[in-house]
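Report on the following structure.
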Amino acid sequence: MDSNTTLVAQQEEWNKVVKDLEGENLKLASYDNTLVPLLGDLTDKNVLDYGAGPGVLALGLKKLGAKIKVWDINPEMRKKASGKIGTENTYQNLEDIPRDHFDFIICNLVLCIVPESEVRAIIGNIKELLNENGLSYIGFCNPKIFDIKESNLDFRFPTGNKYDDNHDYKKVKKEGGYEIIETHRPIEWYEKVFAESGLELVDTHFTPEYELEGEKIQDFVIFELRRKP
Ligand SMILES: C[S@@+](CC[C@H](N)C(=O)[O-])C[C@H]1O[C@@H](n2cnc3c(N)ncnc32)[C@H](O)[C@@H]1O
């Protein structure tokens, strides 16, 4: 393996690839282009991007009329996002985010890179931050394609573990060429945690299907959720 290859193995390390995240056109074409139509008319909607990275999607949503705010655990990401959407729209502490407030909370490609305890913490936070009629869109790489070796977006190193087993595996991103350690957890595992955390599943969406090397692939899953009444 090339010794200069960047490896992102911890949730706090994503600043190593901030420039790459800003240039991810394939991901934008697949994930963001599926998510944005689901959100509908964003004019004056209170929207939080939770784990926003450098703020690429947040800027797009701002341009569509949303009152966009972002939170990210990584200070460098928050600085990058501030540069795009304004410091006044970037929370510096989780505690500063208003409860019972947001019409939409987006959380893209975050739950698949954090430990189980943090998955539960993030879902719990999202539930507290949504307003009564609010919806959350939480998405990441489609667990159903856990054993493929290649997609349009990455090369993967399947471990031989079964679909039902939670396990870590490595990916090399085609855009950027960096490596990440991601956690596979079955869709049913997430559904259980959502329910336990007080979120109700409204719908499950997938990004468009394509074929590669004889495999039918939908890169991402997006769960649509609301607070349990
Ligand atoms: C793969 S990037 C995705 C960025 C962006 N959401 C996107 O779709 O391009 C994961 C982001 O989640 C952030 N992150 C990781 N753990 C987090 C946590 N516990 N709370 C908030 N953000 C977190 C990282 O700093 C990083 O910016």
What value, in deg cm²/dmol to 500, does the helix sum -39500 (n - 2.57) over DSSP H runs of n ≥ 4 give at 222 nm once divided by the residues of the chain?
-7000 deg cm²/dmol
Rounded to the nearest 20 Debye, what is the dipole magnitude of the chain about its Cα centre when Lys and Arg each give +1 and Asp and Glu each give -1 at the C-beta?
460
Antiparallel bridges, percent of DSSP beta bridges restricted to the chain (to nearest 5):
60
Exposed-site-free run, longest, the chain (rule: GluC sites (Glu not before Pro); DSSP loop; at most 15 other C-beta within 10 Å):
1-208
Accessible area expressed per residue, segment 7-136, with surrounding protein chains retained (probe 1.4 Å, Å²)
45
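Whenever you get a sec, compute what percent of the accessible area on the chain sits on carbon and sulfur atoms (1.4 Å probe).
It is 48 percent, rounded to a whole number.
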Summing Lys, Arg as +1 and Asp, Glu as -1, what charge do residues with Cβ under 14 Å from the Cβ of residue 199 carry, residue 199 excluded?
-1
If you look at just the Cα atoms of segment 113-228, how large are its Rg and its Dmax in Å?
15.1, 45
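Based on the Cβ-Cβ distance of residue 181 and residue 133, what FRET efficiency does E = 1/(1 + (r/R0)^6) give at R0 = 45 Å, to the nearest 0.05?
0.75
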Would you mind counting up the charge near residue 80? Only other residues with Cβ under 11 Å from its Cβ, with Lys and Arg at +1 and Asp and Glu at -1.
+1
Can you give the net charge of the other residues whose Cβ lies under 13 Å from the Cβ of residue 189, counting K and R as +1 and D and E as -1?
-1
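Computed FRET efficiency, Cβ-Cβ of residue 73 and residue 5, R0 30 Å: what is it to the nearest 0.05?
The computed FRET efficiency comes out at 0.80.
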Over the residues of segment 5-133, compute the C-alpha Rg and express it relative to 2.2 N^0.38 Å.
1.00
One computes Rg over Rh for the chain from alpha-carbon atoms, with the Kirkwood Rh, and obtains 0.94
Taking 0.36 nm per residue of sequence separation and subtracting the Cα-Cα distance, how much length would be gained by fully extending the chain between residue 144 and residue 44, in nm to one decimal?
32.4 nm
Put a dot 7 Å past each Cα toward the Cβ at residue 152 and residue 204; how far apart are the dots in nm?
2.2
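The values are calculated or read from the model by the stated rules, or taken from the named source; none is laboratory data. As the structure is a computational prediction, the values presented were derived from the model and not from experiment. Glycine also receives a Cβ, built like all others from the backbone with ideal geometry; neighbour counts cover every protein chain displayed. Each accessible area value is taken on the protein alone, full model and side chains, heavy atoms only, with ligands, DNA and RNA left out. Shrake-Rupley method; radii C 1.70, N 1.55, O 1.52, S 1.80 Å.
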